[in-house]
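Please read the structure below before turning to the comments.
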There are 2 protein chains.
Amino acid sequence: MQSSTPAGRAGRPRSAAADTAILAATRAALVDLGWSKLTLGDVATRAGVAKTTLYRRWAGKNELVVDAVAELFDELELPDRGSLADDIEGVVLQFAAILARPEARSGLMAVVAESTRDDALRERIRTSIVERQKRLVLEGRARAQTRGELPPEPDAAEAARTADLIFDMVAGAVVHRTLVSAEAANGDWVRSLTQVLLWGLTSRPTDPADPDDA
Amino acid sequence: MQSSTPAGRAGRPRSAAADTAILAATRAALVDLGWSKLTLGDVATRAGVAKTTLYRRWAGKNELVVDAVAELFDELELPDRGSLADDIEGVVLQFAAILARPEARSGLMAVVAESTRDDALRERIRTSIVERQKRLVLEGRARAQTRGELPPEPDAAEAARTADLIFDMVAGAVVHRTLVSAEAANGDWVRSLTQVLLWGLTSRPTDPADPDDA
DNA sequence: GCGCTTTCGCTACGCGTCGTAGCGTAATGC
DNA sequence: GCATTACGCTACGACGCGTAGCGAAAGCGC
């Protein structure tokens, strides 16, 4: 986020209600118009605020949509379903359900596209969306380790690399399936994905990062 | 593509050179300006053609960029490197190299974003990019089967589903790694990815699509 | 060669959005 | 009450969009 109380001092405080109204209006506009036809003037009208107010809080369309979309992914949870496989399937289905919503589809990909030429924007996406949800991988692994389904990781750096790999594979596969291949990430598909992932991670006889076994 | 000879009959033929010049100019503009600041007027100037000529051939920015980017992915090849693991690593590294180029980064993600609200555009992407490169998966699997690294697939429908899953996982993971996580898909990472994928696919004791083993 | 057909380059236009400036007003803290 | 900041509103120049209309060029069939 970026508002709350600006910092220390006096003057009229920024309306917190305006923030939520603007972000909700942005999502509504994404549903109705999509990214390309979304205009800040329209968002301002929907939110019931002046266009200048919007520009005082966000630098432009990119930053606004990042914040509007980021809130969607905070819904993700990782309830204990008893096994690592079921945990993975559950969270992947949640992720797929979010990506099925039009405000997430068009908004997320568009800002990622813009972020390829805007380092500040990419960092904003990373901190407010990606890194924020990487907790799910860490939590799931830790839970699986206490269950005994995964061995403890002695090397912290290697553990971090593996977590990043898993995140990229899961998130990337679901995004590619739903947005590029344009097919639903239904139960069957998620089960297959989980199967491949689980077997690939658990049945390693040797350390894959070790070059002498390749 | 969409031009060549319009169809049957007389009149001045469309300049094939103009097509290639326009697509090259589009990629150059993507490098210099990115998707959002790319204008069709600028592309026309770079290509040395009139803006009206451009509109006679492409409906808009989306279709133009799809065609311009699609040509990049036709470079992908699958040379026989002796083993399935090496084949996978080779093609993934090629794919990553293409995605490292700025014209592919911003262009591809942007049109995918637009395609979430434009079925015709999504179909254009699928036929001219996605389905076109799925050949790599099929070819790699066939080669691995003749090597004896993979068992033959009795069920054709199941084989197609598996190929789609692999494609979504590989393409999605590389895209997510390079564009969202913004880290290079270098040799170490590709080896880890291949390792997980290979173990996940080969060490299944039973049919994962069969519900009675779940 | 000659005419028919289609493309091409060019200019000009109305339309919509952008992002900002300026001003008066509203809501706080001290 | 007074300084300070946020807000709503209006107006503005700039720019890209996508199209229309024109004369000229480049092929094909005869």
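Could you check how many residues of segment B:30-45 are closer than 14 Å to B:R105 by Cβ and assigned to a helix (DSSP H, G or I)?
Keep residues of segment B:30-45 that are closer than 14 Å to B:R105 by Cβ, which gives B:30-36, B:38.
After this cut, where a residue has to be assigned to a helix (DSSP H, G or I) as well, the list is B:30-33.
The total comes to 4.
Rundown of residues vs (1) open to solvent by less than 60 Å² (accessible area, probe 1.4 Å); (2) at pLDDT 95 or above; (3) facing another protein chain (nearest Cβ under 9 Å); (4) assigned to a helix (DSSP H, G or I), yes/no style:
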| position | (1), (2), (3), (4) |
| --- | --- |
| B:H176 | yes, yes, yes, yes |
| B:A182 | yes, no, yes, no |
| B:A209 | yes, no, yes, no |
| B:D212 | no, no, no, yes |
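Tally the residues that are assigned to a helix (DSSP H, G or I), open to solvent by less than 60 Å² (accessible area, probe 1.4 Å) and touching a helix residue (DSSP H, G or I) at 6+ places or on another chain (Cβ under 7 Å), restricting the search to segment A:103-127. First the steps, then the outcome.
To start, the set of residues in segment A:103-127 that are assigned to a helix (DSSP H, G or I) comprises A:103-115, A:119-127.
Remaining after also requiring open to solvent by less than 60 Å² (accessible area, probe 1.4 Å): A:103-115, A:121-122, A:125-126.
Still in the list and also touching a helix residue (DSSP H, G or I) at 6+ places or on another chain (Cβ under 7 Å): A:103-115, A:121-122, A:125.
Looking only at that region, the number is 16.
Mind listing just one residue for me: the one in segment A:26-42 that is within 12 Å of DNA strand D (Cβ to nearest atom) and within 27 Å of A:F95 (Cβ to Cβ) and, of those, least open to solvent (accessible area, probe 1.4 Å)?
So the residue we want is A:S36.
When residues of segment A:47-62 are filtered for being touching a residue at least 24 places away in the same chain (Cβ under 8 Å) and either acidic (D, E) or near DNA strand D (Cβ under 6 Å from one of its atoms) (or both), how many remain?
2
Given (1) farther than 16 Å from A:A171 by Cβ; (2) crowded, with 19+ Cβ neighbours inside 10 Å; (3) of a type in the set (A, V, I, L, M, F, W, C), identify the lone condition not met by B:W189.
(1)
Please enumerate the residues belonging to segment A:51-81 that are assigned to a loop (DSSP other than H, G, I, E, B) and open to solvent by 50 Å² or more (accessible area, probe 1.4 Å).
A:A59, A:D74, A:E75, A:E77, A:P79, A:D80, A:R81 - these are the residues of segment A:51-81 that are assigned to a loop (DSSP other than H, G, I, E, B) and open to solvent by 50 Å² or more (accessible area, probe 1.4 Å).
Give me the pairs: first residue in segment B:65-77 and of a type in the set (V, I, T), second residue not in a helix (DSSP H, G or I), beta-carbon distance under 9 Å, and six or more apart or on different chains, which are they?
Within 9 Å, the pairs are B:V65/B:W35; B:V65/B:L38.
Taking A:G200 as the residue in question, decide whether it is under 28 Å from B:T127 (Cα atoms) and in a helix (DSSP H, G or I).
Here the answer is no, as A:G200 does not meet what is asked.
Could you tell me how many of the residues in segment A:37-53 are among the aliphatic types (A, V, I, L, M) and under 25 Å from the mean Cα position of the chain (by Cα)?
4
The values are calculated or read from the model by the stated rules, or taken from the named source; none is laboratory data. This structure is a prediction, so every number in the text was calculated from the model and none was measured. In this analysis, Cβ positions are derived from the backbone assuming ideal geometry, glycine residues included, and neighbour counts consider all displayed protein chains. We work out accessible area using only protein heavy atoms, side chains counted, and drop any ligands, DNA or RNA first. Shrake-Rupley method; radii C 1.70, N 1.55, O 1.52, S 1.80 Å.
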